[in-house]
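The values are calculated or read from the model by the stated rules, or taken from the named source; none is laboratory data. Because the structure is predicted, anything quoted here is derived from the model rather than measured. FYI the Cβ positions are ideal-geometry reconstructions off the backbone, even for glycines, and counts take in every protein chain you see. Only protein heavy atoms, including side chains, enter the accessible area calculation; ligands, DNA and RNA are left aside. Shrake-Rupley method; radii C 1.70, N 1.55, O 1.52, S 1.80 Å.
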Amino acid sequence: MIPGNAEIVKCPFCGTEKELMTLISGNTCGAEYWSDNKRIAPMLPSVSPVQKCPECKKYYFEHKHRQGESNHESFERGELTFPEWKEAYMQLMSEVISEKEKLDLCFWLIHSYNDHYYRGRKTLVPTEEDFMFFTEVALSFVENYDWTTVKYPLLKAELYREAGKMKECADVLESIPYDSLQDFERTICGDIKKRVENIDNKVFKLTL
């Protein structure tokens, strides 16, 4: 992993600038892949797609407010906690943003929820409030994503499962032609089915 000169972003609300990490090169050695489509690659880290201003504490999309390049490196990624992601979601969803940006926010919120409760060194039990919020967001993603662009909607089934919608998950899996799946897809499909049978809605690490 080789860092590059920092990228400068500027808060659209108060004008505060911050410098974020960039990479000249990296790799996926040692990467983990999870059932919610998250990849964790220690040698290929990325900045948070939503940034929190250190001054006014408001949130903004990183890609929309790039101001140029610094002349030195930075390892700042601007990562958000799950409570911050919830704040960002509520703020940005109240603004005028595109449908794609809404879907992206849902997807990132799903990842953050699973990071917070299941991907740490110690798994936690979600609060009822957080689970209800997660379910609303996950189902919003499922209902608004264009699944016709996906050959085998395993992620759709998985998000139904994580939202506790076991019947809906099973129905999606039933609609997928198992014999047409590649070996790694069959493994994922089988792992989801096994968890549906056990009424288990936790995200899981893929064994590929």
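For the reader, a short list of remarks on this structure follows.
- Selection status of Thr149, hydroxyl-bearing (Ser, Thr, Tyr) and modelled with pLDDT under 95: no
- Selection count, the range 21-56, where residues are farther than 26 Å from Ala138 by Cα and touching a Lys or Arg at 6+ places or on another chain (Cβ under 7 Å): 2
- If the condition is being surrounded by fewer than 12 Cβ atoms within 10 Å (Cβ to Cβ) and β-branched (Val, Ile, Thr), then the range 146-198 contributes Thr148, Thr149, Val150.
- Condition check for Phe184: among the aromatic types (Phe, Trp, Tyr), part of a helix (DSSP H, G or I) and in contact with a helix residue (DSSP H, G or I) (Cβ under 9 Å, 6 or more places away or on another chain): no
- Taking first residues from the range 134-158 that are free of Cβ contacts under 8 Å to residues at least 24 places away in the same chain and over 13 Å from Cys169 (Cα atoms) and partners that are in a helix (DSSP H, G or I) and open to solvent by 40 Å² or more (accessible area, probe 1.4 Å), the Cβ contacts under 7 Å between residues at least 6 apart in sequence or on separate chains come to Trp147/Lys156.
To keep it simple, each residue is scored yes or no on (1) closer than 18 Å to Phe107 by Cα; (2) open to solvent by less than 60 Å² (accessible area, probe 1.4 Å); (3) not small (Gly, Ala, Ser).
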{"site": "Leu23", "(1), (2), (3)": "no, yes, yes"}
{"site": "Asp36", "(1), (2), (3)": "yes, yes, yes"}
{"site": "Arg39", "(1), (2), (3)": "yes, no, yes"}
{"site": "Cys53", "(1), (2), (3)": "no, yes, yes"}
{"site": "Glu76", "(1), (2), (3)": "no, no, yes"}
{"site": "Trp85", "(1), (2), (3)": "yes, yes, yes"}
{"site": "Tyr89", "(1), (2), (3)": "yes, yes, yes"}
{"site": "Leu92", "(1), (2), (3)": "yes, yes, yes"}
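Rundown of residues vs (1) touching an Asp or Glu at 6+ places or on another chain (Cβ under 8 Å); (2) among the charged types (D, E, K, R), yes/no style:
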residue	(1), (2)
Trp147	no, no
Lys165	no, yes
Glu174	no, yes
Pro177	no, no
Leu181	no, no
Thr187	no, no
Arg195	no, yes
Asp200	no, yes
Val203	yes, no
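- Test: residue in the range 1-16 that is part of a strand (DSSP E or B), among the acidic types (Asp, Glu) and surrounded by fewer than 15 Cβ atoms within 10 Å (Cβ to Cβ): no
- Pair list, Cβ under 7 Å, 6 or more apart: the range 60-81 residue on the phi > 0 side of the Ramachandran plot, other residue part of a loop (DSSP other than H, G, I, E, B) and not aromatic (Phe, Trp, Tyr): Gly78/Val47; Gly78/Ser48
- For the range 25-34, a residue qualifies if it is open to solvent by 30 Å² or more (accessible area, probe 1.4 Å) and in a loop (DSSP other than H, G, I, E, B), and the qualifying residues are Gly26, Asn27, Thr28, Cys29, Gly30.
- As for the range 124-136, it holds no residue that is over 30 Å from Gly15 (Cα atoms), aliphatic (A, V, I, L, M) and within 13 Å of the chain's Cα centre (by Cα).
- If the condition is being of a type in the set (Val, Ile, Thr) and not in a loop (DSSP other than H, G, I, E, B), then the range 35-63 contributes Ile40, Val50.
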